[in-house]
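**Student:** Here it is: the structure, laid out below.
The values are calculated or read from the model by the stated rules, or taken from the named source; none is laboratory data. Just so we're clear, the structure is a prediction, and the values are computed from it rather than from any experiment. FYI the Cβ positions are ideal-geometry reconstructions off the backbone, even for glycines, and counts take in every protein chain you see. Each accessible area value is taken on the protein alone, full model and side chains, heavy atoms only, with ligands, DNA and RNA left out. Shrake-Rupley method; radii C 1.70, N 1.55, O 1.52, S 1.80 Å.
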Amino acid sequence: MNAIITAVVIAVGITAHSTSASEQINTQINPVHFEANIDWLDFTLPNVQIRYFSKEQVSVWQHVDVELVKQISYNVARLLYKEAHKAPQLPQLEIILEDMEGVAFKEGDFTGAKIHISAQYLNKYQQSHSSQALYNELVGVLYHEIAHAYQLDDHNYKEIGPVIEGIADVVRMKGGYVNLSNRQKGGNYDSGYKTTAFFLHWLETNHHPDLLVELNAQLDPFDDKKWSWAHFSTSMKLNLDAAWRNYQNTL
C-alpha cells in the first residue's frame, strides 16, 4: 500500500468504507501523522483474511474489510519502527470473529498471525454504547491486537507482559482510539495496559521523543539483553519512581 508523502509529514487515514444513512457511522479512521520517509513506499503489507465464525449477529463486523486491516497494519508498523527495513513484514494476517470469553487475543508470530475477537464482547459493548462508539472500540481493539502482531516482545511475555500490553495500548492511543480523559490516579508504571500506556505516552510527550520506537527496539529478543524496567530506567536516564510521581501529580 502506498502512502501519500508531503514535504513534512504523512497523514494516513482511510475513506473507502460505505454505510447506510440510517446507521450514521463514520467509518473513516483517524489520521496518523508520520515523518515523510520514502523507504516506506515499498513496505509490504500482509495478505489479509477476514473470518466470521460466530453464531451471533454482530452488525458492526460488516465494516471490517481487507483495506481497513491493511491500513491499520501500516499505521502500526510506522508507529513502532522508524526505519522500514527494521519492521517485520507479515506474510499473512487473519482476523477472526468468534464466540469466546474476553475481548481478543493474538496468536502466531512474524511468519503469520491470527487475531481472535469476541462476538460476545462486541454485542455486550453495544448494549450501552452507540453504533459509532462500538465501531471506534472495534478499531481500537484491532490497533491493540495488530500491535501485538508487529511489536517485539523479548520472547518473554511471562515476565514483562505489562510493558508489552502497555506498548500495544500506546499504539492504540497514538492511533486515536484511547480517550486521554480516562486517565486516573493510582496503580503503578508497571501495572500494564492503559495504566502503563498513559504513563509511557506522558513520558514520550513531555520528556523522551520517540520513546515508543526506542522501547520497542529494546525488546529485541536477539540482542542478548534481557529487558527489565531497571534496564529501561538506565537507558533513558530516568528515575522511574520520581517520573511516576510527577505524572500522577498531573492527573
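**Student:** Filtering the range 218-251 down to residues that are among the aromatic types (Phe, Trp, Tyr) and outside any helix (DSSP H, G or I), which residue is surrounded by the most Cβ atoms within 10 Å (Cβ to Cβ)?
**Tutor:** Trp227
**Student:** Continuing with the same structure: Look through the range 40-60, keep the residues that are surrounded by 18 or more Cβ atoms within 10 Å (Cβ to Cβ) and more than 19 Å from Leu79 (Cβ to Cβ), and return whichever of them is farthest from the chain's Cα centre (by Cα).
**Tutor:** Per the criteria, the residue is Ser54.
**Student:** In the range 185-217, which residues are surrounded by fewer than 22 Cβ atoms within 10 Å (Cβ to Cβ), touching a residue at least 40 places away in the same chain (Cβ under 8 Å) and under 16 Å from the mean Cα position of the chain (by Cα)?
**Tutor:** Asp210, Val213, Ala217, listed by residue number.
**Student:** Being out of contact with any Phe, Trp or Tyr (no Cβ under 6 Å at 6 or more places or on another chain) and within 19 Å of Pro209 (Cα to Cα) is the filter here, so list the residues in the range 58-85 that pass it.
**Tutor:** Passing the criteria: Asn75, Leu79, Tyr81, Lys82, Glu83.
**Student:** Can you tell me which residue in the range 87-106 is farthest from Asp39 (Cα to Cα), limited to those that are open to solvent by 50 Å² or more (accessible area, probe 1.4 Å) and touching a residue at least 40 places away in the same chain (Cβ under 8 Å)?
**Tutor:** Result: Asp99.
**Student:** For the range 69-123, enumerate the residues that are among the acidic types (Asp, Glu), over 27 Å from Leu41 (Cα atoms) and part of a strand (DSSP E or B).
**Tutor:** Across the range 69-123, the qualifying residues are Glu98, Glu107.
**Student:** Has the range 137-149 got any residue that is farther than 16 Å from Val69 by Cα and either surrounded by 23 or more Cβ atoms within 10 Å (Cβ to Cβ) or among the small types (Gly, Ala, Ser) (or both)?
**Tutor:** no
**Student:** Could you run through the range 142-182 and say how many residues are of a type in the set (Val, Ile, Thr), part of a helix (DSSP H, G or I) and within 17 Å of Val32 (Cβ to Cβ)?
**Tutor:** 4
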